[in-house]
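After the structure tokens below, expect a handful of questions from me.
The values are calculated or read from the model by the stated rules, or taken from the named source; none is laboratory data. Not measured: the values here are computed from a predicted model. Cβ placement follows ideal geometry from the backbone for every residue including glycine, while neighbour counts extend to all protein chains displayed. Note: accessible area is taken over every heavy atom of the protein model, side chains too, but ligands, DNA and RNA are not part of it. Shrake-Rupley method; radii C 1.70, N 1.55, O 1.52, S 1.80 Å.
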Amino acid sequence: MFKGGEIVEEKMTCDFMHIHNDIVEKVQKNMIEEEKLYDLAELYKAFGDTTRIRILYVLSEAEMCVCDISKILNMTVSAVSHQLKVLKNARLVKSKKSGKSVFYSLDDEHVFKMISNGIEHINH
């Protein structure tokens, strides 16, 4: 907060201790397991890397092999393969073999929606 020519730190505290039992009970009732929250944090960690986001974005456009992804992103096949492994472990991408090639795609519609919603949010 700016006050009288100087910045004053505003503290967010309760003036008195009072628990709102109805709110607390509602949230506790709907709270998901700690393990699921851990999994959610791990999911978002996978999104926390620009290279992985770039890979997810190109895969939101089309299914492709690691060579295609490498060409589009101007990266080595090795670097892309490493990131694809991380994304696959996070269940964000899946692969299928076709002859000697392996094609990658987004794991499901949820991943596509996360990418689309993120882009929509930053453009808002």
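Within a Cβ distance under 9 Å of S105, other residues only, what is the Lys/Arg minus Asp/Glu net charge? Could the numbers behind the result be given before it?
Values: positive: K94, K96; negative: E63, D107.
Result for the local shell: 0.
Students often forget the sequence filter, so: which aspartates and glutamates lie under 19 Å Cα-Cα from K100 once same-chain residues fewer than 8 apart are removed?
E63, D68
State which stretch of the chain is the longest one without any exposed GluC sites (Glu not before Pro), exposure meaning a DSSP loop state and at most 16 other Cβ atoms within 10 Å.
On the way: sites that count: E9, E10, E33, E63.
With a cap of 16 other Cβ atoms within 10 Å, the longest stretch comes to 64-124.
For the chain, what does -39500 (n - 2.57) per DSSP helix run (n ≥ 4), summed and divided by total residues, give at 222 nm, in deg cm²/dmol to the nearest 500? Intermediate results must be reported in sequence, preceding the final value.
Details: 6 runs with 71 residues, N = 124.
Calculated mean residue ellipticity at 222 nm is -17500 deg cm²/dmol.
Please list 3J(HN,Hα) in residue order for the stretch 40-53, calculated via the Karplus relation 6.51 cos²θ - 1.76 cosθ + 1.60 where θ = phi - 60°; whole Hz, with x for glycine and proline.
Values, residue by residue: 5, 4, 5, 4, 6, 4, 4, 7, x, 10, 4, 4, 5, 5 Hz.
Return the FRET efficiency for the residue pair K36, N89: r is the Cβ-Cβ distance, R0 is 25 Å, and the value is rounded to the nearest 0.05.
Working: r = 17 Å, r/R0 = 0.70.
Given R0 = 25 Å and the Cβ-Cβ separation, E is 0.90.
While we're here: Using a 1.4 angstrom probe on heavy atoms only, work out the carbon and sulfur share of the accessible area of the chain in %.
Numbers: 5450 of 10070 Å².
Summing carbon and sulfur atoms, their accessible area is 54 percent of the total for the chain.
Could I ask something else about it? Once you've got the Cα coordinates, tell me which of K36/K97; K45/K85; K45/K94; K45/K88; K45/K113 are over 20 Å apart.
Values: K36/K97 31 Å; K45/K85 14 Å; K45/K94 18 Å; K45/K88 13 Å; K45/K113 17 Å.
Cα-Cα > 20 Å for K36/K97; rest within.
Quick one: accessible area per residue over the chain, 1.4 Å probe, rounded to a whole number of Å²?
Details: 10070 Å² over 124 residues.
Solvent-accessible surface per residue comes out at 81 Å².
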